[in-house]
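Asker: Pasting in a structure now, in structure tokens, and then I'll have a few things to ask.
The values are calculated or read from the model by the stated rules, or taken from the named source; none is laboratory data. Quick caveat, the model's predicted, so the values are computed rather than measured. Here the Cβ positions follow ideal geometry from the backbone for every residue, glycine too, while neighbour counts run over all protein chains shown. When the accessible area is computed, the model is the full protein with side chains, heavy atoms only, and any ligands, DNA or RNA have been set aside. Shrake-Rupley method; radii C 1.70, N 1.55, O 1.52, S 1.80 Å.
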Amino acid sequence: MFTSEFLHRRAFHKTNFKRLTTCFVAPLFLMCALSCKAATQPEGQKRFGDNADYFIGLRHLQDGNENAARTKFNRCIKKGNSLCAQKSAEALCTFGSIEEKTKAAQNLLLLYPGEDSILIAARQFSAAGEINKLIECTSGLDFTKTKNEIIRLRLEAMSKRGDSAYEDEVYRWFTECPLSNDHYQFYRDTYKHPDFDYDFDSLNAPELKNYTPKQFVLNYRIESYKRNYSYTMNCAEELSEYFYSDAIMPLPQLASDFGKNYLYGSMDFTKNANYFKQLAIDFKGTPAEFFFWFYAGRLFDKAGVYYTLTKQCFESAIYASKTPYQKDNALWYLLNSSLSFSMDSIISSIGEYSRLWYDPEYFEDFFESLASALLAAGKWNEFGKIYKAIDGYASDLTTAQFAYLYGRMIQEGLTEGSFEESEQAFKRALEGGSSVYYKLLAAYQLGLQNYPIQLQKIITAPTSTFSNTKTEDTIFDSELETLLSGYAYFGFPELIYPEWQKTQGQKLSTETNLYLAEFLSKCSGSDKISYYTQSLRIAARAQRNSTRRLTKNEIALVYPTHYKDFVSKYSAEYNINNSIMFALIRSESFFDANVTSQAGAIGLTQLMEFTAGDIARRFKMPSYTLTDPETNIRFGTYYLSNLISRCDNAPLLGFFSYNAGITRVRRWLQSSLIEFGKKSTMPLDLFLETVPYAETREYGRKLVSAAAIYQWMEDSASFEKLIEYLLY
């Protein structure tokens, strides 16, 4: 194991080091990260060479010195590496007169042709009214691969110019690409055909005067996007006639809409399923065939009584698929429909099906449902059969789950098997790739052999099987590393995360990702709390993509202890473990004190207003703010502690109650006791698998894993006791 000091000195991956266009070392990075202050210009010039001109130019621009900034950017364009030079050219498009920005945009396109440059130039040409320049720079685009904003700007310019190709390009955009809000806004605000006349009768069917088939399709796709199913069903017959007359080709996007509208816009599932089956036969060999078989299968499935026909349609869709995604999608629906109709059938054929899919991770949620269904049906003997059938074909996470549960079934006497077989199953779960939860539990069941070395290997390992394909010779993007490290070194933390998101850190070495995470963490504070979350996301991705195990100090970036004073204070006051509270905050909000969920939960511990109101009355607090970190942590700690005490001091049940309500959890527990033939208590690790909602089950796994890791970082000697407290 490398020491943290050695890894910092190495700074970048050894295969990258020779390719770096600048010469700088990690200890200097670390000094900047610890202070979150910009380096001096002379020192930065020394470390980053000609690339420093870009960062110094940004500083001049921030200070309002445009002439000095322009000089630095132009110098970097001439002498910097290609990425910093391009960023300099992009920066020149952001200031000066309209003429200067337009000229800079033209120069950007000339020097750095590509989608990023086209988007910047198109925006500038649009703002300057340079319609011809905009159309020229966006010509020849592949609509299926180009950003919607670029296409929208192009079409708006073509509309203003009265371009003869306008209608054809609008049709391409609306039929070759999935519809988005860009399409909707364009259709509503720009695409106004003078012959359109909308009159609606009582059935919401349109009288579309002077409507061409292509204009009909545009309107149909927009109404499909709006989920106006009553409208689209009234258009279905006319669209079908267009298909059969060859006036309109049933392109994949349109065929998909057609299927969705029948699936959700009509209750006559059997009739519609047979209709789509006939469509699939009539359009055999076309790109639409897959979609017609696929929706025939879904409609037969909706009817609920035609298992054989459902299966046949999905199998035909698999055969007609044109892409791996289509094949996996049809297979996923086949498996799920089989689970609803005949569990025995799916168990007997799971090995065969597992050899057909392309992306094993796509099916993890199916196996999650299968495991829950097997437990509810008392089919405990099947876990061993399935785990052995899918090993090597399913994802490591799925295999680890079934291996662990098979071992536990043996331990609990719910299925036949020897001690050696259960031990072998736990050892297989220990190899579970991204499955930290099942690896930790398997290690516990094995007695934590070689403890604490084994435990450290589990916690510090990369969390993605993808990372196992990388080696010490993996080539990373040295220019991107220079850019992002320069943002940190020169004190531009606000520019790091937006640029990092473009590649999710996959083109960066582990050391660079962790350096950026540490830098942003040090930049965080009461007025810059967003950096807490950004740091955590980068660190978590660093572990996922890593080519090596992380050190304990690096794991601390993945499992940070922000707001430690508040957590310690209120955990002690309400008699709850610090590790449990850190796990809750990390899982609920990723340490974002300002976050509000779609359901209305607020702040670090994601409290609902009505829950917070009850707590505030108990505390005699007439006013409070849930985005205030201390208030939120105090309320959340009290609330979780109270729930745990009401759940017989079982933290897992407290977690579930926090997420779903204590009444539901008590009902789930009673159902599980009946399923397992228990009278009063049952192992909570098995109860977790019987919870009826996949989201809640995963919530429990994340909290247990995070709490265990936080405990290991604080006091590895007490880790085993916490696992027992949480689950056993």
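Asker: Considering the range 86-111 alone, what residues qualify as being outside any helix (DSSP H, G or I) and open to solvent by less than 40 Å² (accessible area, probe 1.4 Å)?
Answerer: F95, G96
Asker: Quick check: anything in the range 7-29 open to solvent by less than 30 Å² (accessible area, probe 1.4 Å), at pLDDT 50 or above and within 18 Å of L508 (Cα to Cα)?
Answerer: no
Asker: Of the numbered conditions (1) over 18 Å from V436 (Cβ atoms); (2) open to solvent by 20 Å² or more (accessible area, probe 1.4 Å); (3) not aliphatic (A, V, I, L, M), F687 fails exactly one; give the number of that condition.
Answerer: For F687, the exception is condition (2).
Asker: Specify which of the listed residues (G351, G384) is open to solvent by less than 30 Å² (accessible area, probe 1.4 Å) and either under 24 Å from the mean Cα position of the chain (by Cα) or farther than 26 Å from L446 by Cβ (or both).
Answerer: G351
Asker: Are any residues in the range 48-69 out of contact with any Phe, Trp or Tyr (no Cβ under 8 Å at 6 or more places or on another chain), assigned to a helix (DSSP H, G or I) and charged (D, E, K, R), and if so, which ones?
Answerer: Passing the criteria: only D50.
Asker: Kindly indicate whether any position in the range 635-651 is touching a strand residue (DSSP E or B) at 6+ places or on another chain (Cβ under 9 Å) and open to solvent by 20 Å² or more (accessible area, probe 1.4 Å).
Answerer: yes
Asker: Moving on. What pairs come up if the first residue lies in the range 375-392 and is on the phi > 0 side of the Ramachandran plot, the second is part of a helix (DSSP H, G or I), and their beta carbons are under 9 Å apart, counting only those six or more places apart or on different chains?
Answerer: That search, which allows pairs on different chains as well, returns G378/E675; G392/S354; G392/T399.
Asker: Would you say L119 is touching a residue at least 24 places away in the same chain (Cβ under 8 Å), touching an Asp or Glu at 6+ places or on another chain (Cβ under 7 Å) and of a type outside the set (D, E)?
Answerer: For L119, the condition - touching a residue at least 24 places away in the same chain (Cβ under 8 Å), touching an Asp or Glu at 6+ places or on another chain (Cβ under 7 Å) and of a type outside the set (D, E) - is met.
Asker: Where in the range 216-301 are there helices (runs of 4 or more DSSP H), lying wholly inside it, with at least 3 residues that are within 30 Å of the chain's Cα centre (by Cα)?
Answerer: Numbers: elements: 229-245, 252-265, 269-282.
Result: 252-265.
Asker: State yes or no: is F591 open to solvent by less than 20 Å² (accessible area, probe 1.4 Å) and in a helix (DSSP H, G or I)?
Answerer: Considered against the rule, which asks whether it is open to solvent by less than 20 Å² (accessible area, probe 1.4 Å) and in a helix (DSSP H, G or I), F591 comes out as no.
Asker: Then there is this: Could you please find all residues in the range 507-553 being polar (S, T, N, Q) and closer than 15 Å to T482 by Cα?
Answerer: Within the range 507-553, S509, T510, T512, N513 meet the criteria.
Asker: Would you mind stating whether S82 is modelled with pLDDT of 95 or more, open to solvent by 10 Å² or more (accessible area, probe 1.4 Å) and within 36 Å of the chain's Cα centre (by Cα)?
Answerer: yes
Asker: State all residues of the range 658-679 that are buried (at least 16 other Cβ atoms within 10 Å of the Cβ) and within 17 Å of Y699 (Cα to Cα); if no residue qualifies, say none.
Answerer: Y658, N659, A660, I662, R664, V665, W668, L669, listed by residue number.
Asker: Exactly one condition in (1) over 30 Å from F55 (Cβ atoms); (2) open to solvent by less than 20 Å² (accessible area, probe 1.4 Å); (3) modelled with pLDDT under 95 is not met by F476; state its number.
Answerer: Just one mismatch for F476, condition (1).
Asker: For G600, indicate whether it is out of contact with any strand residue (DSSP E or B) (no Cβ under 9 Å at 6 or more places or on another chain) and either over 23 Å from Y638 (Cβ atoms) or part of a loop (DSSP other than H, G, I, E, B) (or both).
Answerer: When the stated conditions are applied, G600 passes them.
Asker: Listed residues T625, T681, T637, T631; which is at pLDDT 95 or above, over 27 Å from the mean Cα position of the chain (by Cα) and outside any helix (DSSP H, G or I)?
Answerer: On the way: T681 fails: at pLDDT 95 or above; T637 fails: outside any helix (DSSP H, G or I); T631 fails: outside any helix (DSSP H, G or I).
Exactly one residue qualifies, and that residue is T625.
Asker: Restrict the check to the range 381-397 and report whether at least one residue is in contact with a helix residue (DSSP H, G or I) (Cβ under 8 Å, 6 or more places away or on another chain) and closer than 17 Å to L684 by Cα.
Answerer: There is no residue in the range 381-397 that is in contact with a helix residue (DSSP H, G or I) (Cβ under 8 Å, 6 or more places away or on another chain) and closer than 17 Å to L684 by Cα.
Asker: Do we have F402 as in contact with a Leu (Cβ under 6 Å, 6 or more places away or on another chain), modelled with pLDDT of 95 or more and either closer than 18 Å to T690 by Cβ or assigned to a helix (DSSP H, G or I) (or both) here?
Answerer: In short, no.
Asker: On to the next question. Are any residues in the range 302-311 part of a helix (DSSP H, G or I) and out of contact with any helix residue (DSSP H, G or I) (no Cβ under 8 Å at 6 or more places or on another chain), and if so, which ones?
Answerer: T308
Asker: Which of the residues spanning the range 343-398 are among the charged types (D, E, K, R) and either closer than 22 Å to E412 by Cα or in a loop (DSSP other than H, G, I, E, B) (or both)?
Answerer: R355, D359, E368, K379, E382, K385, K388, D391
Asker: Test S164 against the stated conditions and say whether it is closer than 18 Å to Q215 by Cβ and either charged (D, E, K, R) or open to solvent by less than 60 Å² (accessible area, probe 1.4 Å) (or both).
Answerer: The answer is no for S164.
Asker: What are the residues in the range 112-130 that are under 24 Å from L480 (Cα atoms), at pLDDT 95 or above and either of a type in the set (S, T, Y) or not in a helix (DSSP H, G or I) (or both), if any?
Answerer: Passing the criteria: Y112, S117.
Asker: Could you tell me whether the range 346-361 includes any residue that is over 26 Å from K388 (Cβ atoms) and of a type in the set (V, I, T)?
Answerer: no
Asker: Search the range 496-517 for residues that are closer than 12 Å to F476 by Cα and pair each with any residue that is open to solvent by less than 40 Å² (accessible area, probe 1.4 Å) and hydroxyl-bearing (S, T, Y) when their beta-carbon atoms are under 8 Å apart and the residues are at least 6 apart or on different chains.
Answerer: From the range 496-517, the pairs are T510/S546; T510/T547; T512/S485.
Asker: Report yes if R617 is under 24 Å from V704 (Cβ atoms) and in a helix (DSSP H, G or I), otherwise no.
Answerer: For R617, the condition - under 24 Å from V704 (Cβ atoms) and in a helix (DSSP H, G or I) - is not met.
Asker: S372: closer than 22 Å to S464 by Cα, open to solvent by less than 50 Å² (accessible area, probe 1.4 Å) and in contact (Cβ under 8 Å) with a residue 24 or more places away in the chain, yes or no?
Answerer: In short, no.
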